[in-house]
Amino acid sequence: MNRLYDACRSQFRSVRVIYEDIAQGFPNAVISVSFDSISNDLYRWQRLGQAELPIPTTLSEFNIIIHSVEFFPFTMHDSGRVSVRSTSHGEEASTSVVFGDLDFINGLGVIDNLHFVTTSSKVPGTLTNMNACEVMTVVVNYNNYAFPILWVLIPNRLRRTYDFIMDKISTFFGINNNPIEICTDFERRLHGSLTVSFPETTVQTTYHSYCWALLMEAEMRGLLPFNIDVKIIFKKLIALSCLPAEDIPAMFVEIKNSASPAVQATLREFFDYFENAWINGVTPRLFSFYEKLEVMTDCGVTGQVSLCQSLSIDGNIWAFTLYNFTEQILKISNQSTKDFGRMQRQRRINVTPRVRLVIKRDKMERAWKMFATQKITLSRLFQLATVLVSEHVEMLLYRNDFTLVDCELLSPNEMANDAEFEGIS
(Lines give C-alpha, C1' and ligand atoms only; values in the text may rest on other atoms or scores of the structure.)
Protein backbone atom coordinates (compact mmCIF):
# COMPACT_ATOMS: atom_id res chain seq x y z
CA MET A 1 0.00 0.00 0.00
CA ASN A 2 2.83 2.35 0.77
CA ARG A 3 4.30 1.76 -2.69
CA LEU A 4 0.96 2.58 -4.29
CA TYR A 5 0.54 5.67 -2.12
CA ASP A 6 3.97 7.05 -3.00
CA ALA A 7 3.65 6.23 -6.71
CA CYS A 8 0.23 7.83 -7.12
CA ARG A 9 1.36 11.01 -5.37
CA SER A 10 4.40 11.39 -7.64
CA GLN A 11 3.17 10.45 -11.13
CA PHE A 12 0.78 11.64 -13.85
CA ARG A 13 0.44 8.12 -15.26
CA SER A 14 -3.00 6.53 -15.11
CA VAL A 15 -3.63 4.96 -11.71
CA ARG A 16 -4.53 1.63 -13.31
CA VAL A 17 -1.12 1.42 -14.98
CA ILE A 18 0.57 2.37 -11.69
CA TYR A 19 -1.42 -0.33 -9.90
CA GLU A 20 -0.62 -2.99 -12.49
CA ASP A 21 3.11 -2.17 -12.49
CA ILE A 22 3.36 -2.48 -8.70
CA ALA A 23 1.06 -5.50 -8.59
CA GLN A 24 3.56 -7.48 -10.68
CA GLY A 25 5.92 -7.43 -7.70
CA PHE A 26 3.22 -8.43 -5.21
CA PRO A 27 1.10 -11.13 -6.88
CA ASN A 28 -0.39 -12.39 -3.61
CA ALA A 29 -1.53 -8.92 -2.53
CA VAL A 30 -3.60 -8.57 -5.70
CA ILE A 31 -5.95 -11.25 -4.42
CA SER A 32 -6.91 -9.25 -1.33
CA VAL A 33 -6.51 -5.72 -2.78
CA SER A 34 -8.06 -5.53 -6.25
CA PHE A 35 -7.91 -2.42 -8.40
CA ASP A 36 -11.67 -1.88 -8.15
CA SER A 37 -11.57 -2.00 -4.36
CA ILE A 38 -8.87 0.65 -4.10
CA SER A 39 -9.32 2.78 -7.24
CA ASN A 40 -11.05 5.66 -5.43
CA ASP A 41 -8.15 5.90 -2.99
CA LEU A 42 -5.63 5.84 -5.85
CA TYR A 43 -7.33 8.75 -7.61
CA ARG A 44 -7.55 10.67 -4.32
CA TRP A 45 -3.85 10.13 -3.57
CA GLN A 46 -2.93 11.31 -7.03
CA ARG A 47 -4.95 14.51 -6.65
CA LEU A 48 -3.38 15.16 -3.26
CA GLY A 49 0.10 14.74 -4.68
CA GLN A 50 -0.59 17.18 -7.51
CA ALA A 51 -2.06 19.71 -5.09
CA GLU A 52 1.21 19.75 -3.13
CA LEU A 53 3.39 20.56 -6.14
CA PRO A 54 5.15 23.95 -5.90
CA ILE A 55 3.50 26.70 -7.92
CA PRO A 56 5.99 28.48 -10.20
CA THR A 57 5.50 32.15 -11.04
CA THR A 58 7.75 32.21 -14.13
CA LEU A 59 8.80 29.78 -16.82
CA SER A 60 12.32 29.92 -15.38
CA GLU A 61 11.02 28.67 -12.03
CA PHE A 62 9.00 25.96 -13.75
CA ASN A 63 12.12 24.89 -15.63
CA ILE A 64 14.02 24.46 -12.35
CA ILE A 65 11.18 22.45 -10.82
CA ILE A 66 10.65 20.17 -13.79
CA HIS A 67 14.35 19.30 -13.97
CA SER A 68 14.55 18.40 -10.29
CA VAL A 69 15.00 14.79 -9.17
CA GLU A 70 11.67 14.91 -7.35
CA PHE A 71 9.79 15.84 -10.52
CA PHE A 72 11.35 13.14 -12.72
CA PRO A 73 8.49 10.60 -12.19
CA PHE A 74 6.01 13.25 -13.34
CA THR A 75 7.52 13.14 -16.85
CA MET A 76 6.50 9.51 -17.41
CA HIS A 77 3.38 8.46 -19.30
CA ASP A 78 1.85 5.00 -19.67
CA SER A 79 3.91 4.17 -22.78
CA GLY A 80 7.14 6.06 -22.21
CA ARG A 81 8.55 9.36 -21.04
CA VAL A 82 8.58 12.97 -22.18
CA SER A 83 11.90 14.80 -22.17
CA VAL A 84 11.92 18.46 -21.18
CA ARG A 85 14.55 20.94 -22.32
CA SER A 86 14.80 24.69 -21.94
CA THR A 87 16.47 27.60 -23.64
CA SER A 88 17.68 30.84 -22.07
CA HIS A 89 17.29 34.00 -24.10
CA GLY A 90 20.23 36.24 -23.44
CA GLU A 91 20.05 39.30 -21.24
CA GLU A 92 16.30 39.05 -20.68
CA ALA A 93 16.84 35.83 -18.70
CA SER A 94 13.57 34.56 -20.14
CA THR A 95 13.07 30.88 -20.73
CA SER A 96 11.34 28.67 -23.27
CA VAL A 97 10.39 25.14 -22.27
CA VAL A 98 10.30 22.36 -24.90
CA PHE A 99 8.55 19.02 -24.32
CA GLY A 100 8.95 15.94 -26.52
CA ASP A 101 9.06 12.13 -26.37
CA LEU A 102 12.45 11.22 -27.83
CA ASP A 103 11.60 7.54 -28.30
CA PHE A 104 8.45 8.42 -30.21
CA ILE A 105 10.27 10.95 -32.40
CA ASN A 106 13.01 8.44 -33.20
CA GLY A 107 10.38 5.80 -33.96
CA LEU A 108 8.92 7.97 -36.72
CA GLY A 109 12.14 7.55 -38.72
CA VAL A 110 12.91 10.16 -41.37
CA ILE A 111 10.62 13.14 -40.85
CA ASP A 112 9.88 14.79 -44.19
CA ASN A 113 7.40 17.43 -43.00
CA LEU A 114 6.82 19.63 -39.97
CA HIS A 115 3.86 21.83 -39.08
CA PHE A 116 4.48 24.60 -36.56
CA VAL A 117 1.07 25.33 -35.08
CA THR A 118 0.79 28.34 -32.81
CA THR A 119 -1.87 29.03 -30.20
CA SER A 120 -5.32 28.73 -31.75
CA SER A 121 -7.35 29.69 -28.70
CA LYS A 122 -7.31 32.45 -26.14
CA VAL A 123 -4.00 32.40 -24.26
CA PRO A 124 -4.63 31.32 -20.65
CA GLY A 125 -4.26 33.92 -17.94
CA THR A 126 -1.89 31.71 -15.96
CA LEU A 127 0.45 31.67 -18.93
CA THR A 128 0.49 35.43 -19.32
CA ASN A 129 1.02 35.85 -15.58
CA MET A 130 4.15 33.72 -15.95
CA ASN A 131 5.47 35.87 -18.81
CA ALA A 132 4.56 33.25 -21.39
CA CYS A 133 2.71 34.37 -24.49
CA GLU A 134 2.48 31.31 -26.70
CA VAL A 135 1.96 27.57 -26.82
CA MET A 136 3.46 26.19 -30.02
CA THR A 137 2.98 22.59 -31.15
CA VAL A 138 5.16 20.88 -33.75
CA VAL A 139 3.19 18.28 -35.70
CA VAL A 140 4.18 15.63 -38.25
CA ASN A 141 1.82 14.49 -40.99
CA TYR A 142 2.48 10.74 -41.00
CA ASN A 143 0.34 8.73 -43.43
CA ASN A 144 -2.31 11.46 -43.25
CA TYR A 145 -2.49 11.44 -39.46
CA ALA A 146 -1.42 14.48 -37.41
CA PHE A 147 1.04 13.32 -34.75
CA PRO A 148 2.21 16.07 -32.37
CA ILE A 149 5.86 15.57 -31.45
CA LEU A 150 6.90 18.75 -29.61
CA TRP A 151 5.25 21.39 -27.43
CA VAL A 152 6.92 24.71 -26.64
CA LEU A 153 6.03 27.30 -24.01
CA ILE A 154 7.35 30.61 -25.36
CA PRO A 155 7.94 33.80 -23.32
CA ASN A 156 7.92 36.22 -26.28
CA ARG A 157 7.94 36.36 -30.08
CA LEU A 158 11.44 37.75 -30.56
CA ARG A 159 13.57 36.39 -33.38
CA ARG A 160 16.37 35.26 -31.08
CA THR A 161 13.86 33.38 -28.93
CA TYR A 162 12.75 31.35 -31.95
CA ASP A 163 16.40 30.81 -32.94
CA PHE A 164 17.21 29.32 -29.53
CA ILE A 165 14.17 27.06 -29.77
CA MET A 166 15.08 25.84 -33.27
CA ASP A 167 18.59 25.07 -32.12
CA LYS A 168 17.22 22.94 -29.28
CA ILE A 169 14.81 21.19 -31.63
CA SER A 170 17.63 20.40 -34.05
CA THR A 171 20.25 19.29 -31.51
CA PHE A 172 18.63 17.59 -28.54
CA PHE A 173 15.47 16.35 -30.24
CA GLY A 174 17.36 15.37 -33.38
CA ILE A 175 15.05 16.97 -35.93
CA ASN A 176 17.87 18.15 -38.18
CA ASN A 177 17.46 16.11 -41.35
CA ASN A 178 16.04 19.08 -43.29
CA PRO A 179 12.49 17.90 -43.98
CA ILE A 180 11.12 18.54 -47.44
CA GLU A 181 8.49 21.00 -46.25
CA ILE A 182 7.69 23.05 -43.16
CA CYS A 183 4.28 24.68 -42.82
CA THR A 184 3.75 27.63 -40.51
CA ASP A 185 1.84 30.88 -40.16
CA PHE A 186 2.68 34.43 -41.26
CA GLU A 187 4.60 35.48 -38.13
CA ARG A 188 7.72 37.01 -39.62
CA ARG A 189 10.18 36.15 -36.86
CA LEU A 190 9.12 32.50 -36.66
CA HIS A 191 9.19 32.23 -40.45
CA GLY A 192 12.65 33.78 -40.62
CA SER A 193 14.04 31.52 -37.92
CA LEU A 194 12.70 28.43 -39.68
CA THR A 195 14.18 29.55 -42.98
CA VAL A 196 17.64 29.96 -41.46
CA SER A 197 17.47 26.86 -39.24
CA PHE A 198 16.31 24.58 -42.07
CA PRO A 199 18.08 26.07 -45.12
CA GLU A 200 17.31 23.17 -47.48
CA THR A 201 13.62 23.03 -46.59
CA THR A 202 10.71 24.80 -48.25
CA VAL A 203 8.99 26.94 -45.57
CA GLN A 204 5.37 27.42 -46.61
CA THR A 205 2.57 29.49 -45.09
CA THR A 206 -0.88 27.89 -44.81
CA TYR A 207 -4.41 28.68 -45.84
CA HIS A 208 -5.72 28.14 -42.31
CA SER A 209 -3.28 30.68 -40.85
CA TYR A 210 -4.37 33.21 -43.49
CA CYS A 211 -8.01 32.76 -42.45
CA TRP A 212 -7.04 33.01 -38.80
CA ALA A 213 -5.05 36.21 -39.27
CA LEU A 214 -7.98 37.96 -40.97
CA LEU A 215 -10.43 36.79 -38.33
CA MET A 216 -8.21 38.04 -35.51
CA GLU A 217 -7.94 41.42 -37.19
CA ALA A 218 -11.70 41.57 -37.70
CA GLU A 219 -12.27 40.79 -34.04
CA MET A 220 -9.80 43.45 -32.94
CA ARG A 221 -11.64 46.02 -35.06
CA GLY A 222 -15.01 45.11 -33.54
CA LEU A 223 -16.46 43.69 -36.75
CA LEU A 224 -17.61 40.41 -35.19
CA PRO A 225 -20.22 39.10 -35.31
CA PHE A 226 -20.51 39.93 -39.02
CA ASN A 227 -23.80 41.05 -40.47
CA ILE A 228 -24.73 39.01 -43.53
CA ASP A 229 -23.49 41.54 -46.11
CA VAL A 230 -20.14 42.03 -44.39
CA LYS A 231 -19.73 38.26 -44.04
CA ILE A 232 -20.12 37.85 -47.81
CA ILE A 233 -17.31 40.34 -48.41
CA PHE A 234 -15.14 38.67 -45.79
CA LYS A 235 -15.55 35.30 -47.52
CA LYS A 236 -14.48 36.94 -50.76
CA LEU A 237 -11.31 38.21 -49.11
CA ILE A 238 -10.61 34.66 -47.95
CA ALA A 239 -11.33 33.34 -51.46
CA LEU A 240 -8.68 35.67 -52.91
CA SER A 241 -6.08 33.20 -51.62
CA CYS A 242 -7.38 30.57 -54.08
CA LEU A 243 -6.47 32.74 -57.08
CA PRO A 244 -3.15 33.06 -58.92
CA ALA A 245 -0.98 35.66 -57.18
CA GLU A 246 -0.88 37.99 -60.16
CA ASP A 247 -4.69 38.22 -60.27
CA ILE A 248 -5.28 38.98 -56.59
CA PRO A 249 -4.70 42.79 -56.56
CA ALA A 250 -7.19 43.49 -59.37
CA MET A 251 -9.80 41.20 -57.83
CA PHE A 252 -9.37 42.93 -54.48
CA VAL A 253 -10.16 46.27 -56.13
CA GLU A 254 -13.23 44.68 -57.67
CA ILE A 255 -14.37 43.44 -54.25
CA LYS A 256 -14.11 46.93 -52.81
CA ASN A 257 -15.89 48.58 -55.72
CA SER A 258 -18.72 46.03 -55.80
CA ALA A 259 -19.58 46.41 -52.11
CA SER A 260 -22.64 48.45 -51.19
CA PRO A 261 -22.08 51.94 -49.75
CA ALA A 262 -23.09 50.68 -46.29
CA VAL A 263 -20.60 47.81 -46.43
CA GLN A 264 -17.88 50.10 -47.78
CA ALA A 265 -18.43 52.42 -44.83
CA THR A 266 -18.27 49.52 -42.36
CA LEU A 267 -15.16 47.99 -43.92
CA ARG A 268 -13.28 51.11 -44.99
CA GLU A 269 -10.55 50.74 -42.37
CA PHE A 270 -10.43 46.96 -42.81
CA PHE A 271 -10.00 47.39 -46.58
CA ASP A 272 -7.13 49.81 -45.88
CA TYR A 273 -5.58 47.29 -43.50
CA PHE A 274 -5.85 44.50 -46.07
CA GLU A 275 -4.31 46.60 -48.81
CA ASN A 276 -1.42 47.79 -46.65
CA ALA A 277 -0.72 44.59 -44.72
CA TRP A 278 -1.49 41.93 -47.33
CA ILE A 279 -1.44 43.37 -50.86
CA ASN A 280 1.53 45.69 -50.29
CA GLY A 281 3.06 44.03 -47.19
CA VAL A 282 2.91 40.24 -47.24
CA THR A 283 2.25 40.40 -51.02
CA PRO A 284 -0.05 38.02 -52.95
CA ARG A 285 2.87 35.72 -53.78
CA LEU A 286 2.99 34.63 -50.16
CA PHE A 287 -0.72 34.18 -49.51
CA SER A 288 -1.79 32.71 -52.84
CA PHE A 289 -2.51 29.01 -52.39
CA TYR A 290 -3.47 28.51 -56.01
CA GLU A 291 -2.90 24.82 -56.87
CA LYS A 292 -1.39 24.19 -53.39
CA LEU A 293 -3.90 21.87 -51.77
CA GLU A 294 -1.19 20.41 -49.55
CA VAL A 295 -1.21 23.57 -47.40
CA MET A 296 -5.01 23.78 -47.25
CA THR A 297 -5.33 21.16 -44.53
CA ASP A 298 -6.09 21.15 -40.82
CA CYS A 299 -2.84 19.34 -39.94
CA GLY A 300 -2.11 20.04 -36.29
CA VAL A 301 -5.00 22.48 -35.89
CA THR A 302 -7.44 19.87 -34.58
CA GLY A 303 -4.97 18.66 -31.98
CA GLN A 304 -4.10 22.20 -30.90
CA VAL A 305 -7.76 23.08 -30.42
CA SER A 306 -8.28 19.82 -28.49
CA LEU A 307 -5.36 20.70 -26.22
CA CYS A 308 -6.88 24.11 -25.60
CA GLN A 309 -10.30 22.61 -24.89
CA SER A 310 -8.89 20.02 -22.51
CA LEU A 311 -7.45 22.86 -20.41
CA SER A 312 -10.51 25.10 -20.59
CA ILE A 313 -13.62 25.60 -18.54
CA ASP A 314 -15.96 26.86 -21.23
CA GLY A 315 -13.86 27.21 -24.37
CA ASN A 316 -12.78 30.77 -23.64
CA ILE A 317 -11.47 30.76 -20.06
CA TRP A 318 -8.64 28.36 -19.28
CA ALA A 319 -8.49 26.47 -16.01
CA PHE A 320 -4.76 26.22 -16.36
CA THR A 321 -1.65 25.37 -14.42
CA LEU A 322 1.62 24.23 -15.88
CA TYR A 323 1.01 20.86 -14.30
CA ASN A 324 -2.33 20.56 -16.09
CA PHE A 325 -0.43 21.36 -19.27
CA THR A 326 2.26 18.77 -18.53
CA GLU A 327 -0.36 16.13 -17.71
CA GLN A 328 -2.20 16.77 -20.98
CA ILE A 329 1.06 16.48 -22.96
CA LEU A 330 1.75 13.14 -21.28
CA LYS A 331 -1.73 11.90 -22.22
CA ILE A 332 -1.29 13.01 -25.83
CA SER A 333 2.19 11.44 -26.02
CA ASN A 334 0.85 8.18 -24.62
CA GLN A 335 -2.02 8.13 -27.10
CA SER A 336 0.28 8.98 -30.03
CA THR A 337 2.64 6.15 -29.07
CA LYS A 338 -0.25 3.70 -28.90
CA ASP A 339 -1.82 4.88 -32.15
CA PHE A 340 1.51 4.77 -33.98
CA GLY A 341 1.95 1.19 -32.78
CA ARG A 342 -1.54 0.35 -34.06
CA MET A 343 -0.68 1.92 -37.40
CA GLN A 344 2.44 -0.22 -37.71
CA ARG A 345 0.29 -3.30 -37.05
CA GLN A 346 -2.27 -2.04 -39.59
CA ARG A 347 -4.93 -1.65 -36.96
CA ARG A 348 -7.46 1.12 -36.50
CA ILE A 349 -6.24 4.45 -35.06
CA ASN A 350 -8.24 5.43 -32.00
CA VAL A 351 -7.66 9.09 -31.18
CA THR A 352 -4.96 10.75 -33.31
CA PRO A 353 -6.82 12.98 -35.80
CA ARG A 354 -6.66 12.49 -39.54
CA VAL A 355 -5.24 15.27 -41.70
CA ARG A 356 -8.14 16.63 -43.71
CA LEU A 357 -8.49 19.27 -46.37
CA VAL A 358 -10.53 22.23 -45.19
CA ILE A 359 -11.87 22.74 -48.69
CA LYS A 360 -13.42 20.18 -51.06
CA ARG A 361 -10.55 18.69 -53.05
CA ASP A 362 -12.37 17.50 -56.16
CA LYS A 363 -14.31 20.72 -56.70
CA MET A 364 -11.32 22.99 -56.07
CA GLU A 365 -9.03 20.97 -58.32
CA ARG A 366 -11.69 20.93 -61.05
CA ALA A 367 -12.14 24.71 -60.83
CA TRP A 368 -8.38 25.28 -61.05
CA LYS A 369 -8.07 22.92 -64.00
CA MET A 370 -10.94 24.58 -65.87
CA PHE A 371 -9.37 27.99 -65.31
CA ALA A 372 -5.92 26.78 -66.40
CA THR A 373 -7.41 25.39 -69.63
CA GLN A 374 -9.40 28.61 -70.19
CA LYS A 375 -12.76 26.89 -69.84
CA ILE A 376 -13.86 29.40 -67.20
CA THR A 377 -12.92 33.02 -66.58
CA LEU A 378 -11.12 34.45 -63.57
CA SER A 379 -14.41 35.90 -62.31
CA ARG A 380 -16.04 32.48 -62.47
CA LEU A 381 -13.09 30.87 -60.67
CA PHE A 382 -13.43 33.51 -57.97
CA GLN A 383 -17.17 32.84 -57.61
CA LEU A 384 -16.52 29.11 -57.22
CA ALA A 385 -13.71 29.71 -54.71
CA THR A 386 -15.98 31.96 -52.62
CA VAL A 387 -18.56 29.18 -52.42
CA LEU A 388 -15.92 26.55 -51.58
CA VAL A 389 -14.30 28.52 -48.74
CA SER A 390 -17.67 29.36 -47.18
CA GLU A 391 -18.03 26.19 -45.10
CA HIS A 392 -14.61 26.54 -43.48
CA VAL A 393 -15.19 30.23 -42.70
CA GLU A 394 -18.55 29.41 -41.12
CA MET A 395 -16.90 26.75 -38.98
CA LEU A 396 -14.25 29.18 -37.74
CA LEU A 397 -16.89 31.79 -36.93
CA TYR A 398 -19.00 29.22 -35.10
CA ARG A 399 -16.05 27.98 -33.04
CA ASN A 400 -15.10 31.58 -32.16
CA ASP A 401 -12.01 30.73 -30.10
CA PHE A 402 -9.58 33.03 -31.89
CA THR A 403 -8.17 36.22 -30.46
CA LEU A 404 -5.63 38.87 -31.37
CA VAL A 405 -2.00 37.97 -30.79
CA ASP A 406 1.08 40.14 -31.06
CA CYS A 407 2.00 38.96 -34.54
CA GLU A 408 4.06 40.90 -37.07
CA LEU A 409 3.28 39.74 -40.58
CA LEU A 410 5.81 38.35 -42.98
CA SER A 411 7.12 40.41 -45.89
CA PRO A 412 9.13 39.29 -48.93
CA ASN A 413 11.97 41.73 -48.22
CA GLU A 414 12.53 40.19 -44.81
CA MET A 415 12.46 36.72 -46.33
CA ALA A 416 15.19 37.70 -48.75
CA ASN A 417 17.41 39.47 -46.25
CA ASP A 418 18.01 37.91 -42.85
CA ALA A 419 19.56 41.13 -41.56
CA GLU A 420 16.14 42.72 -41.67
CA PHE A 421 14.96 40.58 -38.79
CA GLU A 422 15.00 41.95 -35.28
CA GLY A 423 17.74 40.53 -33.12
CA ILE A 424 20.06 39.48 -35.95
CA SER A 425 23.40 41.20 -36.27
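The values are calculated or read from the model by the stated rules, or taken from the named source; none is laboratory data. Being a predicted model, the structure only gives us computed values, none of them experimental. Glycine also receives a Cβ, built like all others from the backbone with ideal geometry; neighbour counts cover every protein chain displayed.
Brief remarks follow.
- Residue among Val123, Val196 that is of a type in the set (Val, Ile, Thr) and modelled with pLDDT of 90 or more: Val196
Table: residues versus (1) modelled with pLDDT of 85 or more; (2) out of contact with any Lys or Arg (no Cβ under 7 Å at 6 or more places or on another chain).
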position: Leu59; (1), (2): no, yes
position: His77; (1), (2): yes, no
position: His89; (1), (2): no, no
position: Val97; (1), (2): yes, yes
position: Ile105; (1), (2): yes, yes
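- Pairs where the first residue, in the range 346-371, is closer than 26 Å to Ala385 by Cβ and the second is aliphatic (A, V, I, L, M) and in a loop (DSSP other than H, G, I, E, B), C-beta under 8 Å, 6+ apart: Leu357/Met296; Val358/Met296; Ile359/Met296; Met364/Met296; Ala367/Ile376; Met370/Ile376
- When residues of the range 350-401 are limited to those that are hydroxyl-bearing (Ser, Thr, Tyr) and not in a loop (DSSP other than H, G, I, E, B), the one surrounded by the most Cβ atoms within 10 Å (Cβ to Cβ): Thr386
- Matching residues, the range 249-278, being surrounded by fewer than 14 Cβ atoms within 10 Å (Cβ to Cβ), closer than 16 Å to Arg221 by Cα and among the small types (Gly, Ala, Ser): Ala265
- Whenever a residue of the range 152-171 is at negative phi and of a type in the set (Asp, Glu), its partners that are buried (at least 21 other Cβ atoms within 10 Å of the Cβ) and not in a strand (DSSP E or B), lying with C-beta atoms within less than 8 angstrom and at least six residues away or across chains, give the pairs Asp163/Ser193.
- Odd one out for Phe62 among (1) of a type in the set (Phe, Trp, Tyr); (2) without any contact (Cβ under 8 Å) to a residue 60 or more places away in the chain; (3) closer than 15 Å to Glu327 by Cα: (2)
- Phe147 being in contact with a helix residue (DSSP H, G or I) (Cβ under 8 Å, 6 or more places away or on another chain), assigned to a loop (DSSP other than H, G, I, E, B) and farther than 12 Å from Phe116 by Cβ: no
- Selected residue [aliphatic (A, V, I, L, M) and farther than 30 Å from Val110 by Cα] from Val282, Val203, Val196: Val282
- Selected residue (criterion: nearest to Ser79 (Cα to Cα)) from residues of the range 1-51 that are in contact with a strand residue (DSSP E or B) (Cβ under 9 Å, 6 or more places away or on another chain) and among the polar types (S, T, N, Q): Ser14
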